[in-house]
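First the structure, in the form of structure tokens, and then the observations on it.
No value in this document is a laboratory result; all are computed from the given coordinates. What you see is a predicted model; the values in this text were computed from it and never measured. We place every Cβ from the backbone using ideal geometry, glycine too, and count neighbours over all the protein chains shown.
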Amino acid sequence: MTTPIEHYKQGLAFYGQQKNEEAAAEFRAALEGRPDWLDAMHALATAQSKLGRQDEALATIARVIELDPTDPFAFRASRSSSSARG
């Protein structure tokens with residue numbers, strides 16, 4: 001059985017290879033095992049944004065903000081994703 005950290009690391013490897021679809025799938029798998037893992041949510045939002053899925057990225061960022069309203073990444077990412085939507 002693959003652990004959440006293994007999924008997260010594989011997601012980072014895929015992201016580094018610019019395989020964003022595969023990265024997003026691994027980050028989602030990591031979150032299945034650890035649903036409140038902020039680092040995995042940050043990574044998933046970034047991959048979603050790279051895939052042009054701004055609405056999904058914003059939903060992921062909204063979850064981060066819900067869990068940690070002071071998260072600086074979420075604030076920056078939400079502004080960036082909002083402006084990318086047009």
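Here are a few things to note about the model shown:
- Among (1) more than 9 Å from the chain's Cα centre (by Cα); (2) in contact (Cβ under 8 Å) with a residue 12 or more places away in the chain; (3) part of a helix (DSSP H, G or I) - the single one Glu56 does not satisfy: (2)
- Out of Gln48, Gln18, Gln10, sole residue that is polar (S, T, N, Q), surrounded by fewer than 20 Cβ atoms within 10 Å (Cβ to Cβ) and in a helix (DSSP H, G or I): Gln10
- On the stretch given as the range 29-45, residues that are assigned to a helix (DSSP H, G or I) and without any contact (Cβ under 8 Å) to a residue 12 or more places away in the chain total 0.
- Scanning the range 19-74 for residues that are more than 21 Å from Ile5 (Cβ to Cβ) and touching a helix residue (DSSP H, G or I) at 6+ places or on another chain (Cβ under 6 Å) gives Ser49, Lys50, Leu51, Gln54, Glu56, Ala57, Leu58, Ile61, Ile65, Ala74.
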